[in-house]
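Everything on this sheet refers to the single structure shown next.
Bear in mind that the values in this text are calculations on the coordinates, not laboratory data. Predicted, not measured: the structure shown is a model, and the values here were computed from it. Ideal geometry is used to build each Cβ from the backbone, glycine not excepted, and the neighbour counts take in all protein chains shown.
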Amino acid sequence: MVRYTITISAAAERDIRTAYCWYDAKKEELGQNFKAQLTNAIDRLEQSPLHFQIRYANIRICFLKRFPFGIHYQVSDQAVLILGVYHTHQDSSGWRLP
């Protein structure tokens with residue numbers, strides 16, 4: 001099975017840090033649980049990124065299972081570029097392409 005290369009944009013890293021800090025401030029285990037769910041989702045993207053539907057333009061979204069967040073990403077060749085990690089109620093229309 002071919003594994004895709006994952007690249008996380010600087011903007012997505014900021015999104016992840018912000019969400020992690022928010023959950024960690026609420027309850028310590030929540031931050032760790034968020035990180036674990038994110039890691040599981042990224043593992044799924046490494047294995048089968050085309051499994052998730054295209055939502056707009058050529059952007060796909062992989063939703064986390066236990067947290068209301070979606071990983072917004074593009075696929076090209078054998079690479080996945082994670083553009084942002086957004087709360088499902090957050091307006092993602094203003095996000096930026098690299």
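Observations
- Beta bridges per DSSP with both ends in region 5-87, % antiparallel, nearest 5: 80
- By the beta-carbon count within 10 Å of each Cβ, the least crowded to most crowded order of His72, His51, fewest first, is His51, His72.
- Relative to the dominant Cα principal axis of the chain, helix 10-26 is inclined by about 30°.
- Once backbone amide H atoms are built at 1.01 Å from N, Gly84 has His72 as its partners under 5 Å, excluding neighbours fewer than 5 places away on the same chain.
- Sparse-neighbour loop sites [trypsin sites (Lys or Arg not before Pro); region 22-81; at most 12 other C-beta within 10 Å; DSSP]: Lys27, Lys65, Arg66
- Cα-based helix-to-principal-axis angle, 28-47 vs the chain, degrees rounded to 10: 10
- The ellipsoid that matches the Cα gyration tensor of region 5-98 has semi-axes, each √(5λ) in whole angstrom, of 22, 14, 12, with the longest given first.
- Value of [θ]222 nm, deg cm²/dmol, for the chain, DSSP H segments ≥ 4, -39500 (n - 2.57) each, nearest 500: -13000 deg cm²/dmol
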